[in-house]
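The block underneath contains the structure these notes are about, expressed in structure tokens.
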């Protein structure tokens, strides 16, 4: 960058507008970095990638459970309210940052270099999540292959991994079908298959003694990373095409499971249990916190995936419309998934003769124990099992694409000259490194480490990062300036609703979530196993490390400046000189001629020369210029 600026000062350059096309040569090649980064090949690529990123495993195995434990149908009231207060505004804010700058989670902090540590914290969080998230995909692949048989291996007892407590619960119901036998001292075949065969957790004494590597899981994890690498090999140009399948096919399977589920006997019993409103729950603060947590984690705000995807958009992509499509589509998908899950659980409870709440679980317990057990009770059980796990696979891969693309984009944007030409090689190295770091999750005690990562890697640290991002953009950079940037990009300014949420409602909600998570802190556990103190401390340090990156980044930014401490803080908090749209033709007002090697005095003239005339976006640029001039006059 300094070489470009030095050459610009040493050698007089004819302004771009005075040069003929033959005179220009390869001038733009050193300036137009966006062309090197690549872009989506179509608008639908971006939309489907966002849908695939947001609609993940949590929609299937967390939302339905949270809904029925927090008031059933009444839970939808705080859920959609939190979506409006917290979900939609933060989603739009992150997309706007990425699209306006065409930069990843690290380089985007040219907006205010003082807060670049928040970008580093994002990368740490998403890196830790990507390690264990792909292990979950490996479990899904394991079950997917296990479903390719005429009889599911977890259907009956009598296998080498089963114990004397194993009981095929389907045959345990008494003749009258109403009163169940005492099942508390027994274990289902699917539960022993999961814990004793897949995990082989009996080979570990706890998190401190993980035991041996399970080579079947190790190979499944390797396959998961190979799939992810092949899909992101060419960046968004390849992953943008894969999502046409991985983002849409789960809906087809979900629809099939839903139709099959609601036609089963006892299905209405499960659906009624899922949706019956219990409005007295709304008086509990826990329900509102649970709703906000579900929105926060389901939309994937703060992980950098949304910002990364938006950075590959064209400058005038209508992300305002896309925000509502993705966020509302994500909510509707969660509700539909609840119908598909609880209709089958209702059938299962009727077959076993037990209440629905005794078979309903969340997380891995639902995906790898309860639902597989329910599949054994259906005709053509291997077929339905294969469909279910194939749906989980496609749901998980979309999110994993985003995690990896976030890391690769962030680092290559920091070192574009070295890494962009070798982006595929760099992506491969990242996948190999993360595979090696994830090998501990394939051991006998790997589930203990997975639970620890899941509980702490993206807990309070992620909330601190999002709060910092929100305050830095609206308070330090300035809400007026940010809205003006969006006006330049989309042709209109965000309304009062978005401004109020960005300034007050969203940060206040996230702060309440942060305080609640600290006050209601509970040590990690897996079944009856309680984690030792050193493991809890390790998890807390994992979360604190991402938080500490923010003040560490501030320290580095301040030390790079000159003057007194206050002057350094002021200089570090101001946008960098080259902050703004990546293409010179999109720069107007304060962003004119601020790119390194910039030649054109007015990017608007570049637009007119290239496209012949003034479009609605050039009219917007003129309006923004006029507003800036009026503000400057009023200040003088």
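The values are calculated or read from the model by the stated rules, or taken from the named source; none is laboratory data. Since we're looking at a predicted model, the values are computed, not measured. FYI the Cβ positions are ideal-geometry reconstructions off the backbone, even for glycines, and counts take in every protein chain you see.
Scanning the range 198-213 for residues that are at positive phi and crowded, with 19+ Cβ neighbours inside 10 Å turns up just one, 200.
Residues that are at pLDDT 90 or above and surrounded by 15 or more Cβ atoms within 10 Å (Cβ to Cβ) do not occur anywhere in the range 165-185. Condition check: in a helix (DSSP H, G or I) and closer than 23 Å to residue 303 by Cα. Does residue 554 satisfy that? Spelling it out, residue 554 is indeed in a helix (DSSP H, G or I) and closer than 23 Å to residue 303 by Cα.
Of the residues in the range 235-251, how many are surrounded by fewer than 20 Cβ atoms within 10 Å (Cβ to Cβ) and within 19 Å of residue 39 (Cα to Cα)? Within the range 235-251, residues that are surrounded by fewer than 20 Cβ atoms within 10 Å (Cβ to Cβ) and within 19 Å of residue 39 (Cα to Cα) number 4.
Where the second residue is in a helix (DSSP H, G or I) and at pLDDT below 95 and the first is at positive phi and surrounded by fewer than 19 Cβ atoms within 10 Å (Cβ to Cβ) and lies in the range 476-494, which pairs have Cβ atoms under 6 Å and are six or more apart or on separate chains? Every condition considered, the pairs that remain are 491/620.
Output yes when any residue across the range 269-278 is modelled with pLDDT of 90 or more, farther than 23 Å from residue 429 by Cα and outside any helix (DSSP H, G or I), and no when none is. No - not one qualifying residue is present in the range 269-278. Per the listing 465, 451, the residue uniquely surrounded by 21 or more Cβ atoms within 10 Å (Cβ to Cβ), in contact with a strand residue (DSSP E or B) (Cβ under 9 Å, 6 or more places away or on another chain) and touching a residue at least 60 places away in the same chain (Cβ under 8 Å) is 451. Within the range 96-118, the residues that satisfy the criterion of being in a helix (DSSP H, G or I), touching a helix residue (DSSP H, G or I) at 6+ places or on another chain (Cβ under 6 Å) and more than 15 Å from residue 310 (Cβ to Cβ) are 109, 113, 114, 115, 116, 117, 118. Restricting attention to the range 530-542, the residues being buried (at least 17 other Cβ atoms within 10 Å of the Cβ) and touching a residue at least 60 places away in the same chain (Cβ under 8 Å) number 4.
Any idea which of 559, 545 is out of contact with any helix residue (DSSP H, G or I) (no Cβ under 6 Å at 6 or more places or on another chain) and without any contact (Cβ under 8 Å) to a residue 12 or more places away in the chain?
559
Residues checked against (1) touching a helix residue (DSSP H, G or I) at 6+ places or on another chain (Cβ under 7 Å); (2) surrounded by fewer than 17 Cβ atoms within 10 Å (Cβ to Cβ); (3) closer than 30 Å to residue 155 by Cβ:
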{"residue": "293", "(1), (2), (3)": "yes, no, no"}
{"residue": "310", "(1), (2), (3)": "yes, no, no"}
{"residue": "314", "(1), (2), (3)": "no, yes, no"}
{"residue": "326", "(1), (2), (3)": "yes, no, no"}
{"residue": "345", "(1), (2), (3)": "yes, no, yes"}
{"residue": "360", "(1), (2), (3)": "yes, no, yes"}
{"residue": "363", "(1), (2), (3)": "yes, yes, yes"}
{"residue": "369", "(1), (2), (3)": "yes, no, yes"}
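Any residue in the range 373-386 that is touching a residue at least 40 places away in the same chain (Cβ under 8 Å), in contact with a helix residue (DSSP H, G or I) (Cβ under 6 Å, 6 or more places away or on another chain) and closer than 30 Å to residue 235 by Cβ? No, the range 373-386 contains no residue that is touching a residue at least 40 places away in the same chain (Cβ under 8 Å), in contact with a helix residue (DSSP H, G or I) (Cβ under 6 Å, 6 or more places away or on another chain) and closer than 30 Å to residue 235 by Cβ. Scoring residue 604 on the criteria (1) part of a loop (DSSP other than H, G, I, E, B); (2) surrounded by 16 or more Cβ atoms within 10 Å (Cβ to Cβ); (3) at pLDDT below 80 leaves a single failure, condition (1). When 195, 190 are screened for being under 30 Å from residue 531 (Cα atoms), at pLDDT 90 or above and surrounded by fewer than 22 Cβ atoms within 10 Å (Cβ to Cβ), only 195 passes. Under 16 Å from residue 198 (Cβ atoms), surrounded by 20 or more Cβ atoms within 10 Å (Cβ to Cβ) and under 20 Å from the mean Cα position of the chain (by Cα): is that true of residue 397 in this structure? It is false that residue 397 is under 16 Å from residue 198 (Cβ atoms), surrounded by 20 or more Cβ atoms within 10 Å (Cβ to Cβ) and under 20 Å from the mean Cα position of the chain (by Cα). Every residue in the range 562-577 that is surrounded by fewer than 17 Cβ atoms within 10 Å (Cβ to Cβ) and either in contact (Cβ under 8 Å) with a residue 12 or more places away in the chain or under 28 Å from the mean Cα position of the chain (by Cα) (or both), please. Once the filter is applied, which keeps residues that are surrounded by fewer than 17 Cβ atoms within 10 Å (Cβ to Cβ) and either in contact (Cβ under 8 Å) with a residue 12 or more places away in the chain or under 28 Å from the mean Cα position of the chain (by Cα) (or both), the range 562-577 yields 569, 574, 576, 577.
Listed by first and then second residue, the pairs with beta-carbon distance under 6 Å, at least 6 apart or on different chains, first residue in the range 391-416 and on the phi > 0 side of the Ramachandran plot and without any contact (Cβ under 8 Å) to a residue 12 or more places away in the chain, second surrounded by 24 or more Cβ atoms within 10 Å (Cβ to Cβ) and part of a helix (DSSP H, G or I), form an empty list. Across the range 214-234, the number of residues qualifying as touching a helix residue (DSSP H, G or I) at 6+ places or on another chain (Cβ under 6 Å), farther than 23 Å from residue 387 by Cβ, at pLDDT below 95 and surrounded by fewer than 23 Cβ atoms within 10 Å (Cβ to Cβ) comes to 2.
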